[in-house]
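Below is one structure; the comments refer to it alone.
Throughout, read-outs are computed from the coordinates displayed, never taken from laboratory work. This is a predicted model, so every value here is computed, not measured. Ideal geometry is used to build each Cβ from the backbone, glycine not excepted, and the neighbour counts take in all protein chains shown.
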Amino acid sequence: MTQADLYCEELKTQSIRDLDLAKRLVGSRVNAEHVAWLSEQSYEKILKYAFASYLAAQGTRVEVIDGKLRRTSLAGQQWRLSTLDIARDISRGFFDMLLGREKKIAGDGEKHPHSRLMIATPIDLWKKFETSTEKIIDQSANMIESSLLLTSTIQNYTSQNFLDSSSSWTFAKSFFQPSSSEPTERGASSSSLEDYLRNNMEGIRGKFSIQGFDEATNLVIRLTKAYYSFVLRAIMMAPWLLPLSEASRYPMPEYHSENLKNFREFELQLLDFYATVCVELERLIEASGHFNEAIADLRRFTDH
């Protein structure tokens, strides 16, 4: 393994360790403010793991990767949005791959475009996917910025509210309408995502052998499913994790220094909330592995 690979794996290890400690505190029914911080740290590190892995696979040096990730700790009061921007970067990397915008670092030290990364046709279709995701990220950012830890809002952080929200995270299906072949932000698909993608891959069949086309199609389908299972889940979780975690660290004047008092007053409610969040974080960590593996397999296919 390269130094960059080891760096990435350590990020994932620390994400798992933070989550394990959060779960222990939830099980002990104590210290909701510490659970809030540890849950956010697990979330942030698994995002960094995915983005760092993407950069490492391009040949990016570990010092450069570390510099890109440190922006979250240097952003002052904007660190919450900077954390969400890691998800934005991962999303853009996904679309760069499929739309042929990604650059790889060649042996001569120069960057060259991947020669075969033109499989996400029709291009307009995928650009609409990208635009839809950007809108969702912006909506999450607005929700985060508008969240203040006051008694009137902390009451909304309940296990049931989180479950109600997560039940609507249908990921890829939320981008289709039954009566249209065009992606939208809402609605469900009358056919499966796999069928939809297969139909829209037919336009490039002539660029591959029979075996190559089948392999390319299966890889794109697998990566797209992994993308929505990981990246969109992460984006949708952000408003539930980032506001509370900042307010849990110490008394903050913008909350009239009563934020920690509110954590104590609503501690049992918050512990139930984070018990549910921890389950979703486990799924997010698992999904990050599937996403990274799918990217690596598609990159190998396009490189040979």
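For a paramagnetic label modelled at 7 Å from the Cα of ASP5 toward its Cβ, which residues of segment 264-304 fall within the zone defined by backbone nitrogen distances under 20 Å?
Inside the label zone: 288-304.
Hey, rough spin-label estimate for THR13 and ARG61, points 7 angstrom out along Cα→Cβ, what's it come to in nanometres?
Label-label distance for THR13 and ARG61, simple model: 2.4 nm.
Estimate the FRET efficiency between ASP214 and SER257 by the formula 1/(1 + (r/R0)^6), using the beta-carbon distance for r and 51 Å for R0, to the nearest 0.05. Please report the intermediate quantities before stating the final value.
On the way: r = 62 Å, r/R0 = 1.21.
Efficiency for this residue pair is about 0.25.
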